[in-house]
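Beneath this line is the structure, given in structure tokens, with notes to follow.
The values are calculated or read from the model by the stated rules, or taken from the named source; none is laboratory data. As the structure is a computational prediction, the values presented were derived from the model and not from experiment. Virtual Cβ from ideal backbone geometry, glycine too; neighbours counted across all protein chains shown. Only protein heavy atoms, including side chains, enter the accessible area calculation; ligands, DNA and RNA are left aside. Shrake-Rupley method; radii C 1.70, N 1.55, O 1.52, S 1.80 Å.
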Amino acid sequence: MKIDRIETFLIAPRWLFCRVETDEGLVGWGEPVVEGRAEPVRSAVEVLSEYLLGEDPLRIEQHWQVLTKGGFYRGGPVLSSAVAGLDQALWDIAGQAYGAPVHALLGGPVRDRVRIYSWIGGDEPAELADAAAAQAAAGMTAIKMNASGRLGAIPSSSEVAAVVERLAAVRAVLGDDRDIALDFHGRASVAAARRILPELAPLRPLFVEEPVVPEQNHRLADIVTASAVPIATGERLFGRHEFLAPLQAGVAVLQPDLSHAGGISEVRRIGALAETYGAVLAPHCPLGPISLAASLQVAFATPNFLIQEQSIGIHYNQGSELLDYVVDPEPFRFVDGHLRRPEAPGLGITVDEKAVRAAARTGHAWRNPVWRHDDGSFAEW
């Protein structure tokens, strides 16, 4: 069996899909994308495809090694994301070729269902309580929200209070039986995080995500020691080597993205690395159906898995939803805040190719917002 054709599709609202076809008719799907930079990733997939065409799709590890190390210049979000999507597609093909779900090829499932959480916003706090109540009514046992809007380098007393009040408002609605994760989106400085985290501890967040931007990860130990609140990070890290320092700093939750951090092959290894430090895996996934399907395959085969992000109904998906691009939405049906283990071969979903090709005729050019502080200077979004 040989790889015969590789195609990419820009799909609104902000996704990029790739389709890998073999000369025996098997088709695998992947989702290689950097949100807001889909076009460079598409070009990277085209370049990497030069190597893959004509190759045996089942030599996944060999291809991963060449795709990640075969160039003198390596890594970074664009190349790692291109590899991630291609890797997903090759695992999808392998599962179909062997007649097994990917989690079976990874050693078999270690659980029967995967806990998920939903996003409720938080940049502007006015509707948080209602959004949290709606998710609880839908059966969700956990939600995630932004901790703040723009933050000053040294937050004022009122800014600190606003972060605490956001969490307190949602805790009052959800009670103690449901979990709340807070995402700082890299908007805090080290000083800000150290000031805010002790104030949040009495409200017992599940974790606080990305308190600082990755460029400040060498200061994570200072943040970890400031409070008992578990720290999570990883959506903007792209390989095992980048996760080592956060683990050594005491980060409790790793959040590699299956569409950024080298795909199924590498995230599986990141999970194993985390296990040696007593840390857990909570894959980042505010993306499309293929990325979520790949994330779930890893989740079902990873002992130290915690919880899975998913973006069905998220505000980004206006006019285009995950379920629009799968033939059968059943694998993504929530039951008591969980997803059940898929048993179909490969990634466990059937992509609606007709819908994908139709959407690709429109495409997209999504870009993230650029924020500014009141004085006009740049602010982290």
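Considering amide H positions built from the backbone, and no H for Pro or chain starts, which residues 5 or more places from Asp183, or on another chain, come under 5 Å of its amide H?
Met145, Asn146, Ala147, Glu209
Can you give me the solvent accessible area of Tyr98 with a 1.4 Å probe, rounded to the nearest 10 Å²?
140
About the Cα centre of the stretch 57-188, what is the dipole size in debye to 20, counting +1 per Lys and Arg Cβ and -1 per Asp and Glu Cβ, all else neutral?
480
Just report the Cα centroid separation between the stretch 198-252 and the stretch 298-351, whole Å.
26
Show me, for the stretch 369-381, the HN-Hα J-couplings you get by feeding each phi into the Karplus relation (A = 6.51, B = -1.76, C = 1.60, θ = phi - 60°), rounded to Hz, glycine and proline as x.
Coupling constants for the stretch 369-381: x, 10, 9, 9, 6, 4, 8, x, 7, 5, 10, 5, 8 Hz.
Which whole-Hz ³J(HN,Hα) couplings does the stretch 325-331 yield from phi under the Karplus relation 6.51 cos²θ - 1.76 cosθ + 1.60, θ = phi - 60°, glycine and proline marked x?
10, 10, 5, 10, x, 4, x
Counting only protein heavy atoms and using a 1.4 Å probe, what share of the accessible area of the chain belongs to carbon plus sulfur, as a whole percent?
51
Using the charge dipole of the chain (Lys, Arg: +1 at Cβ; Asp, Glu: -1 at Cβ; taken about the Cα centre), state which of Gly250, Leu182, Gln318 has its Cα farthest towards the positive end.
Farthest along the dipole direction, towards plus: Gly250.
Of Val110, Ile11, Ala355, whose Cα points farthest to the positive end of the dipole of the chain (charges on the beta-carbon: +1 Lys, Arg; -1 Asp, Glu; origin at the Cα centre)?
So the residue furthest toward the plus end is Val110.
Suppose every K and R has +1 on its Cβ and every D and E has -1 on its Cβ; what is the size of the dipole of the stretch 323-381 about the Cα centre, in Debye to the nearest 20?
My answer is approximately 240 debye.
Provide the net charge surrounding Ala89, with neighbours chosen by a C-beta distance below 12 Å and charges set as Lys +1, Arg +1, Asp -1, Glu -1.
Values: positive: Arg5, Arg19; negative: Glu7, Glu21, Glu31, Asp87, Asp92.
Here the charged neighbours net out to -3.
Rank Glu210, Glu50, Glu61 by mean-square fluctuation in a GNM of the chain with C-alpha springs under 10 angstrom and give only the top-ranked residue.
Glu50
Please compute the per residue accessible area over the chain with all protein chains in place, 1.4 Å probe, rounded to a whole number of Å².
Value for the chain: 40 Å² per residue.
What is the local net charge at Tyr51, summed over the other residues whose Cβ is closer than 15 Å to its Cβ (Lys, Arg +1; Asp, Glu -1)?
Working: positive: Lys2, Arg5, Arg59, Lys69, Arg74; negative: Asp4, Glu46, Glu50, Glu55, Asp56, Glu61, Asp87.
In short, -2.
Under a point-charge model restricted to the Cβ atoms of Lys and Arg (+1) and Asp and Glu (-1), what is the dipole moment magnitude of the chain relative to its Cα centre, in debye to the nearest 20? Please list the in-between numbers first.
Details: 34 positive and 48 negative charges, 99 e Å.
Charge dipole, the chain, about its Cα centre: 480 debye, nearest 20.
Counting only residues 5 or more places away or on other chains, whose amide H sits under 5 Å from the amide H of His284 once H atoms are built in the peptide plane?
For His284, whose amide H was placed from the backbone, the distant partners under 5 Å are Asp257, Leu258.
Can you list the residues, at least 5 places off or on another chain, whose amide H is less than 5 Å from the amide H of Trp371, using H built in the peptide plane?
Hits under the 5 Å cutoff: Ala379, Trp381.
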